Every structure is written in C-alpha cells, then in structure tokens.
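Everything on this sheet refers to the single structure shown next.
The values are calculated or read from the model by the stated rules, or taken from the named source; none is laboratory data. The structure presented is a predicted model; accordingly, all values stated were derived computationally and were not measured. Cβ atoms come from the backbone with ideal geometry, glycine included; neighbour counts cover every protein chain shown. Surface areas here come from the heavy atoms of the whole protein model, side chains and all, with no ligands, DNA or RNA. Shrake-Rupley method; radii C 1.70, N 1.55, O 1.52, S 1.80 Å.
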Amino acid sequence: MTRKVNSRWQAARMLRRRSFLLPLVAVAFLTLSASPSNAADLANLLTGYSLTSWGQKDGLPPSVIWTVARDVEGYLWLGTDAGPIRFDGVRFVPWRMRGSMPLPASPVRALWAAGDGSIWMGFGESGGVSRLLNGGVRNYGREDGLPEGAITLLMGEPDGSVWAGNRQGLYRLTGDRWEFSGHGLPQAIIYSMFVDHRGRRFVGTAEGLFRRDATQEKFERFDGSAGPIRGVVGDDHGQLWVTDPVRGFRQLSSTKEMPAERGNGLSLLHDSKGNLWVGTGGQGLWRVRLDAVWAFSGIERTMSLVGFSNDGVTSIVEDDDGSIWIATFDGLNRLVPHKMAPVTNLGVIGGIEATRDGSVWLGAVDELIQFGRTQVKPVRTPQAFHGTLPSAMHADRAGTLWVATNRELLRIVNGQSSILPLLKPPLPQISAITSDVQGGIWLADRERGLFRWSNGRLKAVAVPTALANVQVLYSRGVRSGDVWFSFADGSVGAANVNGDFGVRIDSNVSGGSVFRAIYEDAAGTIWLGGTNAIVSIANGRTTTLGRTNGFPAGSVISIVEDERAGLWLGLEGMGIVRIGADEFRKAQDSSSYQIRYRLYDKFDGFAGAPRWRGNSSSARSEDGRLWFVSARGVTIVEPHTLEHEQAVPMRINIEGAAVDGQKIQTVPSVRLPARTVGIEIDYTVPNLLSPLKTRFRYHLEGFDSDWIDAGTRRQAFYMNLPPRHYRFR
C-alpha cells in the first residue's frame, strides 16, 4: 500500500473529489437557572463564545493536563502526567514510540511546537527535554548541559532558538548543547517568559519578575516586584500584565489605578482581539475586558458551574482561528468566538419579514417586534395585536407589513397598524400571505381556499380539484407577475394575476419532498426548499440537488441570498449553510458533482437550530444583514464578516495500520505476508474546530470499484484480499 498525501496541495486535490463538509466551528450552549444560593456565582458570565469540554468520558486519560500546543499539521498536543497525548479533534491518542529511542517515562510539564514540525517536550520529576520530529526522538539531559529538575518553561523563538527553565535557572540550546542564560535570576522556579518588540526579555519566577534588555548580559529585578509571578504578557500598547497567587492579574509600568481582583493566578494569555485571559487555581477562567485605551473595563468568567471541566486552569493558548484552548486539572476546554449575533430574549418567534424602510419585524406570541437598520435591539415599544402567534406574515413591495392571526388581519404602514375587514366573518385560518407585482394580496385559508385581494375586493382563486382541500404551506410572488404556492402534499403551483393556476411540480414526482421555502434570487431563478433536496427552476429547466450531490441532510426551511449571490439555507434542526452560486452551476452541469459548502450551527453562535412555524424563517434587511428564526429567538448574520473564511487546506494522515490485529509500520510501501485475513487502516484529518463536519471517502485501488463513503468514520477495514498490488487512497 502507498499513500499519496505528501503535500497540502495533494491533500486538497484529493479532498476536492470527496463529499465533504467544509470545516467551521463546534461546541455546546448551556441554559442556566440560578437558585438564590448561587445567583451571585452566575454574575458576569462569559459571553460571545461557545464552550466545549472533554474529559475521561471522551477518551482523555484521567490525568492533569499541564500544557497545550498545536503543531503545524493541525494536531493539538497535551502534556499530561500520563505523558504526551495527541488530539485530532475526535480522538485522544497517547504518543507511541516509532523508532528505537523512547521518550522518558515522566510527566510532560512543558510543550513547544516549532515551525519545522518538531515538538519539544519538557518533563517533570527528574527533568529533561526531548525533541520529536517525524517519529524520531532526541533526548537532552545532564550530559547535554541541562541539569536535573522538572522543566517548568519551554519556549522557542522565530530564530529557531529554544529556551528551557527549571528551578536551577534558564537555559538556551546552542547547537546541540544547552547553555546557562540566567545570570542575575534567583535560584527559584521559572514560570514564564515574554519578549517584547524591543527585544527585552521578561521572566516570571517564584521570587518576582526580572528583565534583561537586548544589550545586557544579566537580568535585573523589574519594578521592585516580589513574590511569585506565574505569568507575564504584553499588550499592543507596550503595557505589561502579570498574574500571581494573590491578585489574579495586574498591570505593570502604568500609572493607572487598577481594581484589586483577588484570585490564585496560574496562567495568562493576551489574545489577538485584545482580551486578557487569566487562568486561576480554583476560580475558573477570567476574560478581562480592556477598553480602547487598554484600560480595565470588566471581567467575565466561566467555571465548572456552567460546564467548564475544572476551576483549576493550568494553560491557555490561542488558535489561528481565534479559538481559545484551556487545560485544567481535569480536562480540556475550547472557547470558540461567535461568528454571528444571537438574540435570545424575545420569546417564541413565529416569522420574520424585512420592510423597505430598513426595519425587520418579528412575529412573537402576542406582539410584533421591530428592529431598525444596523440594530440588534428593538427600536420602539412592541406592536401588540389580538390573537396568538402569527399564522402568516408578509412585507409587500410598497413596504406594507401584513400579519394574520387566528382573530384578525393587520396592515401596518409606517409603524401604524389597522385591522383589515375582509369578510364577515373574516377568514379564520390564513396560512400564507404574499403579494404580486400589481399590488394584489394573495391569502391562503386552510378552510376556505385561495383568494386575491385588490382595490378593496376579495376574489376567490380556483385551484385544481386535487388541491382544493390541501393546505398551502408557503407562497411567494415573483417578478414575472406569477405567484408560487407550495402545498402540504408536495405539489407546487403558480398562478397569474388573472387567477389562471398551473401545477409546476406534481406530488407524484416530488419524491416525497414537501417544500416549505420558495425564493427568487437576483438572477430570476426560483428555488424550492424541500425536506429531501433543493430544486432550482430557471429558463424552463428544473434541477434537483440532493444527497447524491453531497447536499447536507436536513429539511430546507428558509432560503435567502446575500449581496454576493451566495445562497444561505436554513436546515431545520441543524444550522445554516452558505453555497456559492458557482457551486450550483457546477452541480447543474454535472449530476455527480459534489457540492462544497459551509455549515454554521449553534457552535458558531446560532441561537439554537433553525425553526419553521408556518411563515418566512429568514430575511435580508436593507443593510445586507441576514436574519434567521431559530429555536431560542433569532440569529443575525453579517455575511461580509465571514468572507475572510476560506477552505483550509487539510492534510490527510494515515495514523496507523494493523494486519490480523498486529500493528505494522505505515511506510509508503508494505509487503503483507501470505494468508493475511484482516487489514485495518486508521486515517484522519486534524480538524480541531469542527471535526464532526468532516466527511471521508476512501478507495482501495485494485479492489474497490468506486469510492466508499465512510461518513465521519476514520477507519477502513478489508478482509481476505487476494494477492496483488493495492493502493489506498
């Protein structure tokens, strides 16, 4: 067997042939209900991030995680009392010796992932440092100039130099030997080191903070500091921040008065967004908010009370995508910044519409909630109405909002509402409202059928006999003048302003799909969102895109187009996906084309899964923002903020193989013994952000007639292969 994944380009090329969910973000939301006894503990909870925690139940060995680092291949490395552990986003795998040189059997207390792909490990107990590269190990100890003692600091720099610290002092690797570089430092535990833009080196020790300028040979005590300094970082304004066992954090080299926040500080991170993160030994994780002049403006916390693995934080690192990884005494945690704005204090939302004045209207249980341009809060007192959750809502081309309840039909113009008397008694069960290009309003009533209202008159519209008693689920008027309707039996029809009605998709050929979304894009294509697929109708051509095209599972309940002609689809119970217009064109030209798309869900900040309650579930406001009805309110997406996200080239790794239960080396070419019965191949793509959104297909050339869809499974199995040459892809 051979594997052709020797470069990121090759890996990306192979991935383009797969049905594959492009990676985005993942995590769990928590609903909190505080009792009086713990209400104070829930003050100032961390916002704007989604939390995921892993522990022993997820395959993580029961051990303290002392340190975390991410390598150039995308794996996360954990330094634990049980040794080094590698994490690909799904599996925690203890590192196994591949060559003749073993790693020391000691806890890993420090890690550094270098740009050349090597992993540096510092060990506890008797100490020592090891370099792991391409499966080979180089161990350093006393004979290499590194004295015994637990390694408490390991840090590399862009020039390739590596520094190590222990109770004996600070050492730098020069060539193949460690040299003492801690002149002026006390003989005390070294916790941390930071180098600022001027080349000044700051070292936090058990006896204070010390500094050495680029031109100096000796360290000097900084700012008269005394006592343990466990973490030291600098911000973009040249200010120093430290953490210690008494005050969780404080700012040095500043005349500004800082509030005292007591806490047993253990670790510190200044992230790319300007946040200061403080890991404490019992008070959880803090995010210190800094204002425009980098002064303290508040603290938010996360702790075991809300799902954090443990309140003792040992290490904090930031990933390239802005995710924050946190190691604790009892597990691993990840915080993912929200990519969108959830609004969750509105109650149950039944529908959403955008009007020409820039407003967005939400239909709640007994009121209409209005949002203004660029706003994420209601702009005025909600508009009350009689009845229950709106059964239908529609904003017409003139800017009028129409709202139907079980008791009345409202017409809202410039924020002022009036009840529209249609019939006496009025239509009691309006399930859909839309308008046509001539200003006519179309009303579908569950009991009395289809009507068009124009110039103060209500006229019944005849539909085919087979649809006379079938509920209209959704309706939309399009620019051609036609009005489209989807029915509960899977049929789709269209009528013109004269009332002439034609069936466009018959229930017998809809494949069991029911369409709950109809949308016309800027190019005039009609899109139908169904329970099993999405259908496009353009220039007399109907194209269905479903599972065979790699279309995601989930019923399409909303469709909206962004300003770059990308379609955003709400998938009930899942999330929203964005698919570029060029992807649809490729799928229309080739029935076997696998669509590429991005999936966003609650882990990206979505307010629960998308929901459909009989109305439009999405809208685009005049300012370009996209709004989606979701399980816990609404979610606002600003597409331009996500434009920088590109498909990340992913490296496919063959992690291991076994023949008849015995592990074998995964070298490019392997000759298997005669009478081999079973072969197992383990593979993965390191994807720490959204591993369960990555799908795999594999192919054993010489045996498989086509690609095997493995879903999210990361193993391939073969039995009783006949003797010949094979190539696993």
(message) Using a Förster radius of 22 Å, what is the FRET efficiency between residue 641 and residue 345 based on their Cβ-Cβ separation? Nearest 0.05, please.
(response) 0.45
(message) Can you list residues from other chains, or at least 5 along the same chain, whose modelled amide H is less than 5 Å from the amide H of residue 189?
(response) 206
(request) Taking every Cα atom in the range 320-389, find the radius of gyration and the maximum pairwise distance Dmax, and write them in Å. (result) 18.3, 55
(message) At 1.4 Å probe radius, can you tell me the per residue accessible area of the chain in Å²?
(response) 44
(message) Tell me the relative contact order for the range 538-607 as a rounded percent, counting alpha carbon contacts under 8 Å between residues six or more apart.
(response) 27
(request) Output the Cα-based Rg and Dmax of the range 121-260 in Å, rounding Rg to one decimal and Dmax to a whole number. (result) 15.7, 51
(message) I'd like the Kirkwood hydrodynamic radius of the range 662-706, using the inverse of the mean 1/r over distinct C-alpha pairs, in Å.
(response) 13.7
(request) Report the label-to-label distance for residue 503 and residue 388 in nanometres (one decimal), using points 7 Å from each Cα along the Cα→Cβ vector. (result) 3.2
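Give, to the nearest whole percent, the P(r) tail of the range 522-587 beyond 16 angstrom, counting all Cα pairs.
Counting every Cα pair in the range 522-587, those more than 16 Å apart make up 42 percent.
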(request) Work out the FRET efficiency for residue 126 and residue 659 from their Cβ-Cβ distance, taking R0 = 56 Å, and round it to the nearest 0.05. (result) 0.90
(message) Whole percent per 20 Å bin, from 0 to the bin with the longest distance: what is P(r) over all C-alpha pairs of the chain?
(response) 15, 39, 31, 14, 2
(message) Compute for the range 566-614: radius of gyration divided by Kirkwood radius, i.e. Rg/Rh, restricted to C-alpha atoms, rounded to two decimals.
(response) 1.07
(request) As a check on your grasp of the helix formula, calculate [θ] at 222 nm for the chain: sum -39500 (n - 2.57) over DSSP H runs of n ≥ 4, divide by the residue count, round to the nearest 500. (result) -500 deg cm²/dmol
(request) State the Cα centre-to-centre distance between the range 43-68 and the range 351-415 in whole Å. (result) 42
(request) Restricting things to alpha carbons, find the Rg to Rh ratio for the range 391-539 using the Kirkwood radius for Rh. (result) 0.95
(message) Kirkwood Rh over alpha-carbon pairs of the range 465-620, then Stokes-Einstein at 4 °C and 1.567 mPa s: what D in µm² s⁻¹, rounded to an integer?
(response) 81
(message) Using the crude model of +1 on Lys and Arg Cβ and -1 on Asp and Glu Cβ, and no other charge, please compute the dipole size for the range 68-157 relative to its Cα centre, in debye to 20.
(response) 260
(request) Find which of 121, 146, 110 sits farthest along the positive direction of the dipole of the range 108-224, computed with +1 on the beta-carbon of Lys and Arg, -1 on that of Asp and Glu, about the Cα centre. (result) 110
(request) Would you work out the charge dipole size for the chain about its Cα centre, treating the Cβ of every Lys and Arg as +1 and the Cβ of every Asp and Glu as -1, and quote it to the nearest 20 debye? (result) 1240
(request) Kindly write out, for the range 62-77 in residue order, the coupling ³J(HN,Hα) from the Karplus curve 6.51 cos²θ - 1.76 cosθ + 1.60 (θ = phi - 60°), rounded to whole Hz, with x marking Gly and Pro. (result) x, 7, 5, 9, 8, 7, 9, 8, 10, 8, 5, 7, x, 6, 9, 9
(request) Could you look at the chain and say what percent of its accessible area is carbon and sulfur, using a 1.4 Å probe and all protein chains? (result) 48
(request) Could you calculate the contour length gain from residue 187 to residue 172, that is, 0.36 nm times the residue separation minus the distance between their Cα atoms, to one decimal place in nm? (result) 3.8 nm
(request) Compute the relative contact order of the chain as a whole-number percentage, counting only Cα pairs closer than 8 Å that sit 6 or more residues apart in sequence. (result) 12
(request) Determine by what factor the alpha-carbon radius of gyration of the range 298-341 differs from 2.2 N^0.38 Å, reporting the quotient. (result) 1.20
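What full-extension length gain, to one decimal in nm, is calculated for residue 45 and residue 489 as 0.36 nm per residue of separation minus the Cα-Cα distance?
Going from the current span to full extension adds 155.1 nm.
Taking every pair of Cα atoms in the range 302-420, average 1/r, invert it to obtain the Kirkwood radius, and report Rg/Rh to two decimals. Could you put the intermediate results ahead of the total?
Values: Rg = 21.4 Å, Rh = 17.3 Å.
Rg divided by Rh gives 1.24.
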(message) Once you keep just the Cα pairs under 8 angstrom separated by 6 or more residues, what percentage relative contact order results for the range 473-539?
(response) 24
(message) Please list, ordered by chain and number, the residues whose modelled amide H lies under 5 Å from the amide H of residue 504; skip anything fewer than 5 residues away on the same chain.
(response) 492, 493, 494
(request) Give the calculated FRET efficiency between residue 148 and residue 671 to the nearest 0.05, with a Förster radius of 35 Å applied to their Cβ-Cβ distance. (result) 0.20
(request) Could you check the simple spin-label distance between residue 306 and residue 719, using points 7 Å along Cα→Cβ, in nm with one decimal? (result) 5.0
